Amino acid sequence: MPAPASMPDWYQKGLPHIWLPYSQMQSAPPPLAAQSTQGSHLTLTDGRTLVDGVAAWWTACHGYNHPHIRQAVARQLEVMPHVMFGGMVHEPALRLASRLCALLPGDLERVFFTDSGSVAVEVAMKMAIQYRLNKGERQRTKMLAFHGGYHGDTLATMAICDPEEGMHHLYGPALTEHVIAPLPVDVASTQAFLSLLASHAHELAGIIMEPLVQGAGGMLFHTPEVLRTVRAAADRYDTLLILDEIFTGFGRTGTMFACEQAGITPDIITLSKALTGGTMALAATIARKHVFDAFLSDNPEHALMHGPTFMANPLACACANASLDLFEAEPRLEQVATISARMSTWLEPCRSLPGVRDVRTLGAIGVVELDRIANPDALRQQLVAHGAWIRPFRNIVYLTPAFTISEHDLAFLCRTIHTVLGNQA
Ligand SMILES: *Cc1c(COP(=O)(O)O)cnc(C)c1O
C-alpha cells in the first residue's frame with residue numbers, strides 16, 4: 001500500500017505505521033485522507049468533497065459538526081474533560097442515564113457505561129452470566145445467538161457472531177462455543193429455534209439478537225413478529241433476552257428503538273453507535289430491575305465486576321445529552337420517514353439492473369443486494385470517483401445517511417449507486 005506522492009507529509013510518514021481495519025493491506029487501495037466534515041459532506045486533503053452515505057459507520061445521525069453538540073463538548077471541556085467513575089459520579093452521566101431510561105420501554109432502569117459497542121455487549125453477557133451465578137446456578141453460561149448476527153469484534157463477542165458467514169469464522173478454534181440458531185422467520189426455522197432452545201435452556205444465560213435488522217451481517221431485515229416470538233420463547237424457558245440495539249437504536253429503523261415496533265421489552269439492551277451523534281466513543285448496557293436486583297446482596301462478590309478506565313467520560317456523555325436534545329428539538333423521526341420513502345422510490349430502479357437480487361428499505365437504511373460483488377474495493381473507488389462515500393461489503397451496497405441529509409444529496413447518492421452498478425453490468 002504505497003502512499004501516492006501527492007499526499008501530505010504526515011500521510012507519507014504515517015501510513016507505513018498504520019494498521020487498518022478489515023483490510024488486506026498488501027492489495028487494498030490506499031485510504032482516502034479526510035480533512036474536514038460538515039453536515040453530510042466529507043472534504044479530502046486534495047480538495048475533493050464527497051457526499052457521505054454511511055454517516056461514519058452509522059453514527060453521525062445529525063450530520064457532522066452539529067453546532068449544538070460542538071457547543072456541549074466545548075463547555076464540558078472547560079469544566080471537566082474526564083474523571084474516574086469509581087466511587088464518583090458527575091452530572092453529564094447521571095443526566096444521560098435518567099434520560100435514556102425515560103426513553104426506553106418498561107423497567108429498563110440501570111445504565112452501565114462503557115466506551116465501545118463490543119464492550120457493551122460483553123458487559124451484557126457478563127450481566128446475564130452473573131445473574132445466574134448470583135442465584136447459585138453455575139451451569140448457565142452460554143448464549144443463544146442467531147445466524148446472520150453481528151455483536152462485535154472482541155474475543156467474547158466474535159463467538160456469538162454468525163459462525164459461517166461472519167468475518168470471524170477463521171478464529172473458530174479460539175472461541176467459546178455458544179448455541180447459534182436460525183432466526184424464527186417461518187414455521188421450519190421457528191421449530192428449529194425452539195428445539196435448540198429446549199435442548200440447551202439448562203445451560204443458557206441468555207438469548208441475544210439484533211432487533212429488526214442484522215446490520216453487519218448484510219442489512220438483513222425481519223419483522224416485529226420475529227421479536228415477539230423470541231421474547232415469548234425466552235420467557236417460556238426462563239432465559240434473559242438481550243437486544244443489541246447498537247446499530248438500530250436512536251431512530252435508524254423509524255422508531256427511537258427497534259424493539260418499540262414489536263411492543264416488547266428486553267431484559268438487557270445495548271446502545272452505542274449513534275448514542276453521541278457520531279462525535280465521541282460511548283456505549284451503554286441497560287438492565288431491567290429484576291436483573292439489577294440479582295446483584296444486590298450481602299456478598300461483595302455478587303457485585304458486577306467490570307469498570308473501564310474511561311467509563312462515562314464526561315465529554316462523551318455531554319455529546320450524548322446534546323444528541324438527545326436534538327431528538328427532542330428537531331423532527332428526527334419524521335426525517336427518517338421522509339428518507340425512507342425517498343430511498344425506496346429512488347433505489348427502486350436498481351432492481352432491474354442485471355445482478356441485482358433485492359432492493360429494500362427500512363427506516364433510514366437503504367439496501368441494494370447483488371448476487372455477488374467481485375471486488376468491493378474497486379466498487380468503492382468507482383463510487384468515490386463519482387463523489388459518493390459509500391462502502392459496499394459482502395454482496396450489498398447500502399445507504400445509512402445522516403437524518404439531516406438534504407433531498408438533493410440523497411437523490412445524488414441513490415442516482416450514483418444506480419449509475420455505478422449499471423456500468424458494472
Ligand atoms: C457496531 C456494532 C457492534 C460493535 O460496536 P463497536 O463499537 O464497533 O465495538 C456491536 N453490535 C452491533 C449490532 C453493531 O452494529
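Do any trypsin sites (Lys or Arg not before Pro) in segment 93-144 lie in a loop, going by DSSP, with at most 10 other beta-carbon atoms within 10 Å of their beta carbon, and if so which? Passing both the DSSP loop test and the Cβ count: Arg138. With the helix formula -39500 (n - 2.57) applied to DSSP H stretches of n ≥ 4, the chain reaches a computed 222 nm mean residue ellipticity of -11000 deg cm²/dmol.
Evaluating 6.51 cos²θ - 1.76 cosθ + 1.60 at θ = phi - 60° for every residue in segment 313-328, the Karplus couplings come out as 3, x, 4, 5, 5, 5, 4, 5, 4, 5, 5, 5, 4, 5, 4, 7 Hz, glycine and proline recorded as x.
Loop-located trypsin sites (Lys or Arg not before Pro) in segment 349-425 (DSSP state other than H, G, I, E, B) with a sparse environment of at most 11 neighbouring Cβ atoms within 10 Å: Arg372. Taking label positions 7 Å along the Cα-Cβ direction at both Asp46 and Leu296, the computed distance is 6.1 nm, reported to one decimal.
Taking all Cα pairs closer than 8 Å and separated by 6 or more residues, the relative contact order of the chain comes to 21 percent. Relative to the longest principal axis of the Cα atoms of the chain, the long axis of helix 224-236 makes an angle of roughly 20 degrees. Neighbour counts of other Cβ atoms within 10 Å put Leu32, Leu370, Leu77 in the fewest-to-most order Leu77, Leu32, Leu370. Arranged from fewest to most other beta-carbon atoms within 10 Å of their beta carbon, Ile207, Ile129 become Ile129, Ile207. Cβ-Cβ distance of Leu333 and Ala5, R₀ of 51 Å, FRET efficiency by 1/(1 + (r/R0)^6): the value works out to about 0.60. Angle of helix 332-347 to the longest C-alpha principal axis of the chain, folded into 0 to 90 degrees and rounded to 10: 50°. List the pair-distance distribution P(r) of the chain, using every Cα-Cα distance, as the percent of pairs falling in each 10 Å bin from 0 up to the bin containing the longest distance, rounded to whole percents. Histogram of Cα-Cα distances, whole percents per bin: 4, 21, 31, 27, 14, 3, 0. Taking all Cα pairs closer than 8 Å and separated by 6 or more residues, the relative contact order of segment 122-264 comes to 23 percent. Using a Gaussian network model of the chain in which every pair of alpha carbons under 10 angstrom is joined by a spring, one finds that among Gln76, Gln26, Gln38 the greatest mean-square fluctuation is at Gln26. For GluC sites (Glu not before Pro), no site in segment 58-141 is both called loop by DSSP and has at most 11 other Cβ atoms within 10 Å.
Once the Cα atoms are used to define both axes, helix 376-385 deviates from the longest principal axis of the chain by about 50 degrees.
When the chain is treated as a Gaussian network with alpha carbon springs shorter than 10 Å, the biggest mean-square fluctuation among Ile405, Ile18, Ile69 belongs to Ile18.
Straight-line cross-link partners of Lys289 among the lysines, defined as a Cα under 28 Å from its Cα and at least 8 positions apart when in the same chain: Lys126, Lys135, Lys142, Lys273. Put a plus charge on the Cβ of each Lys and Arg, a minus charge on the Cβ of each Asp and Glu, and nothing anywhere else: the dipole of the chain about its Cα centre is then about 300 debye. In this simple spin-label model, placing a label point 7 Å from the Cα along the Cα-to-Cβ direction at both Gln35 and Ser406 gives a separation of 1.9 nm.
Laboratory data are not the source of any read-out in this text; all were calculated from the coordinates shown. Since the model is a prediction, treat every value here as computed from it, not as a measurement. Don't worry about glycine lacking a Cβ; one is built from the backbone with ideal geometry, like all the others, and counts go over all protein chains shown.
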